[in-house]
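S.K.: If you scroll down you'll find the structure; I have some questions about it.
The values are calculated or read from the model by the stated rules, or taken from the named source; none is laboratory data. Keep in mind it's a predicted model, so treat the numbers as computed, not measured. Here the Cβ positions follow ideal geometry from the backbone for every residue, glycine too, while neighbour counts run over all protein chains shown. Just so you know, the surface numbers come from the protein's heavy atoms only, side chains and all, with ligands and any DNA or RNA stripped out. Shrake-Rupley method; radii C 1.70, N 1.55, O 1.52, S 1.80 Å.
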Amino acid sequence: MTALRRDTADWLEARRAYITSTDLPVILGLSPYKAEADLAAEKMGAAAVEEPDPKRARAMRLGKALEDVIRDEDEAEHGIRLRKVRRFIVHPTIEWAATSLDFERVGERCIVEAKTSRSKRWDEGLPQDVEAQCRWQMGSAGYPRAHVALLKGGSELECFDLEHEPDTFAGLVEIAADFRARLAAGGPFAESADSLKR
């Protein structure tokens, strides 16, 4: 674990050097927000400066602001206190695998990931991109369980629980290592219509 505190300029800069839990869905082609080529450009420091999408920026601000509301509701629902996690966690032996967590359960080794959404993509259960994010968090931080607390539609709390699967994490490490090798070689990277336009 490093002493970097979450949401600081140093934390944002350090994330470029690591494969983090938010990178995994992009590398797997599961992210609804960006393509692998966009992530590669960010990691290489060559991402184009563009106007942020105002709706996406607002959604991110609101999601951040609602984390404490989700924490309070999850505590009320399950009777287990949550603690904010402010440290940047690096895997003990895979020096490029890292993560930042929202919360952890007090007295348990369980990650709690806070989400908010009005999207229909949650109607079928836990989306694959969120599952990939949580599996990377568990593997990188050494937690045996993850709990996703979703504030759905602004008023409904829906929860999902995952157990760490070492073989699945090993597969994700292999895929991430391939991305890092391609990053060192300068490509190729998967594109989307939007990334090609950029």
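S.K.: Considering only DSSP beta bridges where both residues belong to region 72-160, give the percentage that are antiparallel (nearest 5).
M.R.: 60
S.K.: Using the Cα centre of the chain as the reference point, and only Cβ charges (+1 on K/R, -1 on D/E), how large is the resulting charge dipole? Debye, rounded to the nearest 20.
M.R.: 600
S.K.: Rounded, prolate or oblate: pick one for region 57-198, where a ≥ b ≥ c are the square roots of the eigenvalues of its C-alpha gyration tensor, a/c under 1.5 means rounded, and failing that, prolate if a/b is larger than b/c, else oblate.
M.R.: Judged from the Cα gyration tensor, region 57-198 comes out oblate (a/c at least 1.5, b/c at or above a/b).
S.K.: Moving on to the next point. Which pairs break 21 Å Cα to Cα here: LYS43/LYS152; LYS55/LYS84; LYS55/LYS115; LYS84/LYS115?
M.R.: LYS43/LYS152; LYS55/LYS84, as the Cα separations exceed 21 Å there.
S.K.: Can you give the accessible area per residue of region 74-198, in Å², using a 1.4 Å probe?
M.R.: About 50 Å² of surface per residue is accessible.
S.K.: Could you work out the relative contact order of the chain? I mean the mean sequence separation of Cα pairs under 8 Å and 6+ apart, divided by the number of residues, in percent.
M.R.: Result for the chain is 25 percent.
S.K.: On to the next question. Given the peptides 110-118, 91-99, arrange them by the average over their residues of other C-beta atoms within 10 Å, most packed first.
M.R.: For the peptides 110-118, 91-99, the packing ranking is 110-118, 91-99.
S.K.: I'd like to compare 135-144, 183-192: which one has the highest average count of other Cβ atoms within 10 Å, and what's the full order after that?
M.R.: The densest-packed peptide leads the list: 135-144, 183-192.
S.K.: ARG58 accessible area, nearest 10 Å², 1.4 Å probe?
M.R.: It works out to around 120 Å².
S.K.: When you count, for each residue, the other Cβ atoms within 10 Å and take the mean per peptide, how do 35-44, 65-74 rank with the highest first?
M.R.: 35-44, 65-74
S.K.: Please give the direction-averaged projected area of the C-alpha convex hull for region 117-198, in square nanometres with one decimal.
M.R.: Its Cα hull, projected and averaged over all orientations, spans 7.4 nm².
S.K.: Counting DSSP beta bridges in the chain, what percent are antiparallel, to the nearest 5?
M.R.: If I count the DSSP bridges inside the chain, around 65 percent turn out antiparallel.
S.K.: I've got another one for you. With θ set to phi - 60° and the Karplus curve 6.51 cos²θ - 1.76 cosθ + 1.60, what are the ³J(HN,Hα) couplings of region 100-117 in order, to the nearest whole Hz, using x for Gly and Pro?
M.R.: Each residue's phi maps through the Karplus curve to give 10, 10, 7, 9, 9, 6, 6, x, 9, 9, 9, 6, 10, 9, 8, 10, 9, 6 Hz.
S.K.: Need one word for region 150-198: rounded, prolate or oblate. Basis is the Cα gyration tensor (sqrt eigenvalues a ≥ b ≥ c); a/c below 1.5 gives rounded, then a/b vs b/c decides.
M.R.: Verdict is oblate for region 150-198.
S.K.: When the helix-only estimate is applied to the chain (DSSP H runs of n ≥ 4, each -39,500 (n - 2.57), divided by the residue count), what is the mean residue ellipticity at 222 nm, nearest 500 deg cm²/dmol?
M.R.: -12500 deg cm²/dmol
S.K.: Okay, moving on. Rounded to the nearest percent, how much of the accessible area of region 38-102 (1.4 Å probe, protein heavy atoms only) is carbon and sulfur?
M.R.: Exposed carbon and sulfur together represent 53 percent of the surface.
S.K.: Now for a different question. Could you pull out every residue, at least 5 positions away or on a different chain, whose amide H is within less than 5 Å of the one on LEU82? Hs are placed 1.01 Å off N in the peptide plane, and Pro or chain starts have none.
M.R.: So LEU82 has HN proximity to VAL106.
S.K.: Oh, and also: Please turn the phi angles of region 17-29 into ³J(HN,Hα) values with the Karplus equation 6.51 cos²θ - 1.76 cosθ + 1.60 (θ = phi - 60°), one per residue in order, whole Hz, x for glycine and proline.
M.R.: Values per residue, Gly and Pro as x: 7, 10, 9, 10, 5, 7, 6, 4, x, 5, 4, 7, x Hz.
S.K.: Ok, one more. Kirkwood Rh, region 42-127, all Cα pairs: how many Å?
M.R.: 15.8
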